[in-house]
1. Starting with the fewest neighbours, write out D87, D168, D159 ranked by other beta-carbon atoms found within 10 Å of each beta-carbon.
2. Enumerate the calculated ³J(HN,Hα) couplings along the stretch 200-208 in order (Karplus 6.51 cos²θ - 1.76 cosθ + 1.60, θ = phi - 60°), each rounded to whole Hz, writing x wherever the residue is Gly or Pro.
3. Rounded to the nearest 0.05, what FRET efficiency is calculated for D20 and E202 with R0 set to 51 Å and r the Cβ-Cβ distance?
4. Please compute the contact order of the stretch 21-107 in relative form: average sequence separation of alpha-carbon pairs under 8 Å and at least six residues apart, divided by the residue count, as a percent.
5. List, in the order given, every pair from K22/K288; K22/K199; K199/K288 whose Cα-Cα distance in the structure shown is over 32 Å.
6. Which order do K205, K97 fall in if you start with the one that has the fewest other Cβ atoms within 10 Å?
7. Across every pair of different alpha-carbon atoms, what Kirkwood hydrodynamic radius in Å does the stretch 66-108 reach?
8. Mind giving me the nanometre distance, one decimal, between the label points for L88 and L209, set 7 Å out from Cα along Cα→Cβ?
Amino acid sequence: MFPNKSYTGPIIEALELRFDGKINLSIRMLEKYIKQHPDDEGALYELASTLFTQQRGEEALQIVRKLLQSNPQHLPALRLASDLLIDLNEPEEAQRKINFAIEVYDALSTKYKEVDNGERLRESLRRVQWRALRANGRFTEALEIARQLAQQSKRGLRDLQTSLIDTDNLVEAESTMGESTEGRLAAIWAIGIQLGEQKKYEIAKLYFLRSLSYSSLPKEFNRLSAYIECLALADQTEAAQHLNAYWLTDRRVKSVHSVRRLQIMSAVIDSLSGDQPAAKNQMQSLCKEWGKKNFKRYAIYGTTFDDFRHATEEVI
């Protein structure tokens, strides 16, 4: 159930490569090892996990299914399968698998509690169950689980906030991250972004505009890109005005990442506004300045909307 306790040398080496960012080499090493040891559960699980991180979900799911054929109660594999199925838009099967995984865990809870990460495993299973319920539109049930997760970790608080927004409990959602200025601002941003993802642009704009009163906090400057993303899709002209206003204060920005994202988003706004030549020239100039690899990293990291990714990738 916890294959990391029994990993052999090649699997450990492959994981070290993955942690070092050498993903393709890690995948090749695992694939080579599996050819020699086709039934090694640890190798199969780690290969599927690595493919999952590379958005190769269908390949990862095939490997996980093979693993579950030989060991239907492999809890990490059931969890991963459910995650993959959610991402592949098969939420009903995802729900069945994660519900089964929790049943298995609860039936063997004494055994798992003796293992160091037993409780963390159950929490991760419950989080995937929460994701599956949301994917199936069962927001009220998801909220109940989120309230439980919120008692266990800060990440659980974010899950609770998401579920509160799903169920239109926006007032309570604002208070989930605490009463401090920083906590309130984080909550306002999260609400605005999620409403933007749901294409509720007018309400999202109200939340983002409220955050302008917190603009004196330099460390929050790097969140501007999220504001612009959402706002740009609803009102490109107004978004550009806000971008220019913030751009004039770029001397306060300490993060290179913030500046890069602002520059890229400016080009995307040009694109959304219909000024394709200007957008293309700007993106190509940024590619030349930073290199395509860095451009893509800054453009994709932390984005919310597919339009943003597509607009940048067309130039790369």
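Please treat every number below as a calculation from the coordinates, not as lab data. Just so we're clear, the structure is a prediction, and the values are computed from it rather than from any experiment. We place every Cβ from the backbone using ideal geometry, glycine too, and count neighbours over all the protein chains shown.
1. Placing the least packed residue first, the sequence is D168, D87, D159.
2. Per-residue couplings from phi come out as 8, 5, 5, 5, 4, 4, 4, 5, 5 Hz.
3. The value I calculate is 0.65.
4. RCO, the stretch 21-107: 20 percent.
5. Correct reply: K22/K199; K199/K288.
6. Details: K205 20, K97 24.
So the residues, fewest neighbours to most, are K205, K97.
7. Values: mean 1/r = 0.0979 Å⁻¹.
Kirkwood radius, the stretch 66-108: 10.2 Å.
8. 4.4 nm
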